[in-house]
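The values are calculated or read from the model by the stated rules, or taken from the named source; none is laboratory data. In this text, all values refer to a predicted model and were calculated from it rather than measured experimentally. Please note: Cβ atoms are built from the backbone with ideal geometry, for glycine as well, and neighbour counts cover all protein chains shown. These accessible areas exclude ligands, DNA and RNA; they are computed on the full protein's heavy atoms, side chains included. Shrake-Rupley method; radii C 1.70, N 1.55, O 1.52, S 1.80 Å.
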Amino acid sequence: MSWSSLLPQLKKLCITPKFSVSNRVISTSKNYLFWSTPCLMAEPLKKKKKLDPAIVRAREERRKKKLEKQIRRLEKNARQLKPISECEVSLTLLDQKLQRQRNIFQSTDILEQRALLEKKWANFKRIQLLHDLQMIDRVTLHQQRALDELKNESKELYNEAIQMDFHMVPFTSIGPTETPAIEGYDVPDGEYLDVSKKWS
């Protein structure tokens, strides 16, 4: 075999691809094949239309008015509270409001007397607090001195003295109450029937 007979076969091997790709073929003869890239199907950008500035301004104003209207509607609904029938006052009481009002007139002498009384009471409570604090300080000081003396006398007695007295922990005391107890009163356990309206 000569080189001239092998050359056309080698050309076909070099030019034709070994894998198949779906591309377009641009050629008129079978010997010369040109492979192109796939078509992207693109188109040029649309040219923006020039609008009249008055039209643009009118559109912006319309959009602004629409937003303001929506805000006003939301604000109007926000002020409306859910009706609660328990808190509503009857119309008869509203009509009698002026008749039921009390005209309480206090003279300046009574107001001054009350102010002086409040000042005297505040002063009395301050002095009482100071006396209580001084008494607590005196008691704790005497207690500490007694413990120090006991420590010098006997270490064992001191250790016994500083132990917690568990008999005083479950301390209960019954004293006077603000209102006297009602004899034979059955205390309710707190159960009640919920009849309030549900709002969704």
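Listing for the model above:
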quantity	calculated
D137 paired with S173, simple spin-label distance in nm, labels 7 Å along Cα-to-beta-carbon	2.4 nm
Segment R63-Q106, length gained on full extension (0.36 nm per residue, minus Cα span)	9.4 nm
Residue pairs, from the table K76/K197; K97/K197; K125/K155; K76/K198; K46/K66, whose Cα atoms sit over 32 Å apart	K125/K155
Extension gain (nm, one decimal) between F166 and V56, 0.36 nm per residue minus Cα-Cα	30.8 nm
Per-peptide average of other Cβ atoms within 10 Å, ordering 48-59, 129-140 highest first	129-140, 48-59
Cross-link reach list, aspartates and glutamates versus K69, counting only Cα pairs under 17 Å and skipping chain neighbours closer than eight places	E60, E61
Accessible carbon and sulfur surface of segment 63-200 relative to its total accessible area, %, 1.4 Å	57 percent
Three-way shape label, segment 92-157, alpha-carbon gyration tensor, a/c 1.5	oblate
Three-way shape label, segment 137-200, alpha-carbon gyration tensor, a/c 1.5	prolate
